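Everything below concerns the one structure shown next.
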Amino acid sequence: MGRAKKVVLAYSGGVDTSVCIPYLQQEWGVEEVITLAADLGQGDELEPVREKALKSGASESLVADVKDSFVKDYAFPAIQANALYENRYPLGTALARPLIAKVLVETAEKYGADAIAHGCTGKGNDQVRFDVSCTALNPNLKILAPAREWGMSREETIAYGEKFGIPAPVKKSSPFSIDKNLLGRSIEAGTLEDPANEPPEEIYAMTKAIVDTPDEPEYLEIGFVKGVPVSLNSQSHTPVELIERLNQIVGNHGIGRIDMIENRLVGIKSREIYESPAMVVLINAHRDLESLTLTADVTQYKRGIEDTYTKLVYNGLWYSPLKAAVDAFIQQTQERVSGVVRLKLFKGNATIVGRWSDNTLYTPDLATYGAEDQFDHKAAEGFVYVWGLPTRIWSQKNK
């Protein structure tokens, strides 16, 4: 690691990122640490976080409100891609990382810093996402990861911080590690580390337990334009409002909990709990609308592209040539994906019960079994003969 004089540190206000400030100065000889906290809709008051950085030794403490870009430029493209990692996780945390990296690099360039830093350990996915994204955006910036190298336990980290006036957490903190933003919450550690343990109800904050959900179903209509959600029950919303409102409506019915054993990029399995009400429902609704508006070959071919897209995002390759190429394909497919999807929300389930679009490829007089049927049944015999010919020949030759 080369020496750096001025560093922009991704800052959350937690123990690790706070201790990074004196550590960078005392152990690595950094002269100036500028902290950057990204407002991704965590719901926390970020002013105390900003002040804590200054008390911990930062020369400047910045807060960037990036909620709007987070939804429009990261969440909405992921919905268009029906992005579910390992077919379950809608990438709430993974999608935030390239945006934070972008703001870190822009801030470093603005303030003339020669390095960026983060508080990630060596075991997780986020270190990869930050390092690779920052390198892609500006390969000349050094990347410092003190928590990956300092080798201190949590207790030792707290003690180190206290030496430099950083207060220890006031109360015994929860055993769970929680990351939250507008798109949801990811929860790990504590008793969850045993995959056999049922998650305690206390870890959830965005979704009700089924026993507490309404006893009557609620119907919801989601409107899309070119694959982007724009309205709920015919009411238009800004991107951030739409996600916030949908989290509330859907979470109230206990929808959006995910409990999975996940394969991390660094090669280990981890037990992850996610709450992501809006994203789960939006991806399901969007995929359904595609089935109405895209041809069979595009729909089926896109499934493989979606898997590639999801892995690229999860694996920290947002700013890569393949991701840009995949984006272009997905955007092309979305031109006709406009319409409305109707869902029934009840006791943990969001069931799609209807869909309609001006661009529908569903043709009633071909699909019907009634008197209006326009399909030419006589044409089917020749089609079936030609379609089955290779199988017929193979069978004759092998009997």
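The values are calculated or read from the model by the stated rules, or taken from the named source; none is laboratory data. All figures in this text were calculated on a predicted structure; none of them were measured in a lab. Glycine also receives a Cβ, built like all others from the backbone with ideal geometry; neighbour counts cover every protein chain displayed. The protein model used for the area step is the full one, side chains on, heavy atoms only, and it has no ligands, DNA or RNA in it. Shrake-Rupley method; radii C 1.70, N 1.55, O 1.52, S 1.80 Å.
Descriptive notes on the structure:
- Gain upon complete extension [Gln331, Gln248; 0.36 nm per residue less C-alpha separation]: 27.0 nm
- Between the range 8-25 and the range 269-338, the alpha-carbon center distance in angstrom: 35 Å
- Size descriptor for the range 80-142, Kirkwood hydrodynamic radius: 12.8 Å (Cα pairs only, one decimal).
- Per residue, the convex hull spanned by the alpha carbons of the range 63-188 comes to 149 Å³.
- Rounded percent of accessible protein surface that carbon and sulfur make up, the range 341-399, 1.4 Å probe: 58 percent
- Contact order relative to length of the range 233-354, as percent, for alpha carbon pairs under 8 angstrom and 6 or more apart: 26 percent
- Gain upon complete extension [Thr308, Val384; 0.36 nm per residue less C-alpha separation]: 23.9 nm
- Taking only protein heavy atoms and a 1.4 Å probe, the accessible area of the range 196-318 is 50% carbon and sulfur.
- Remark: the chain carries a charge dipole of roughly 1020 debye about the Cα centre, counting +1 on each Lys and Arg Cβ and -1 on each Asp and Glu Cβ.
- Surface analysis of the range 160-310 yields an accessible area of 48 Å² per residue, using protein heavy atoms and a 1.4 Å probe.
- Per residue accessible area in Å² of the range 1-120, where ligands, DNA and RNA are left out and the probe is 1.4 Å: 36 Å²
- Only Lys, Arg, Asp and Glu carry charge here, each on its Cβ (+1 for the first two, -1 for the last two); on that basis the range 1-94 has a dipole of about 220 debye about its Cα centre.
- Among the listed pairs Lys6/Lys67; Lys208/Lys269; Lys5/Lys163; Lys142/Lys180; Lys6/Lys110, those whose Cα-Cα separation exceeds 20 Å are Lys6/Lys67; Lys208/Lys269; Lys5/Lys163; Lys142/Lys180.
- Kirkwood-based Rg to Rh ratio, the range 276-339, C-alpha trace: 0.98
- Estimated FRET transfer efficiency (Ile268, Arg148; beta-carbon r; R0 22 Å; 0.05): 0.90
- Whole-angstrom Cα spans of the chain along principal axes, big to small: 86, 53, 45
- The residues of the range 314-399 have, on average, 73 Å² of accessible surface per residue, using a 1.4 Å probe with all protein chains present.
- If R0 equals 41 Å, the separation of the Cβ atoms of Thr295 and Lys399 corresponds to a calculated FRET efficiency of about 0.65.
- Computed on the Cα atoms alone, the convex hull of the range 107-253 gives a volume of 213 cubic angstrom per residue.
- With all pairs of separate Cα atoms included, the range 180-294 yields a Kirkwood hydrodynamic radius of 15.7 Å.
- Ratio Rg/Rh, restricted to the range 163-202 and using Cα atoms, in which Rh is the Kirkwood radius: 1.10
- Remark on the range 1-151: ratio of C-alpha radius of gyration to 2.2 N^0.38 Å is 1.03.
- Taking only the C-alpha atoms of the range 110-168, the Rg (one decimal) and the largest Cα-Cα distance, Dmax (whole number), read 13.8, 37 Å.
- Across every pair of non-identical alpha carbons in the range 261-390, the mean reciprocal distance, once inverted, gives a Kirkwood radius of 18.5 Å.
- Against the empirical 2.2 N^0.38 Å (N residues), the range 337-384 has a Cα radius of gyration ratio of 1.72.
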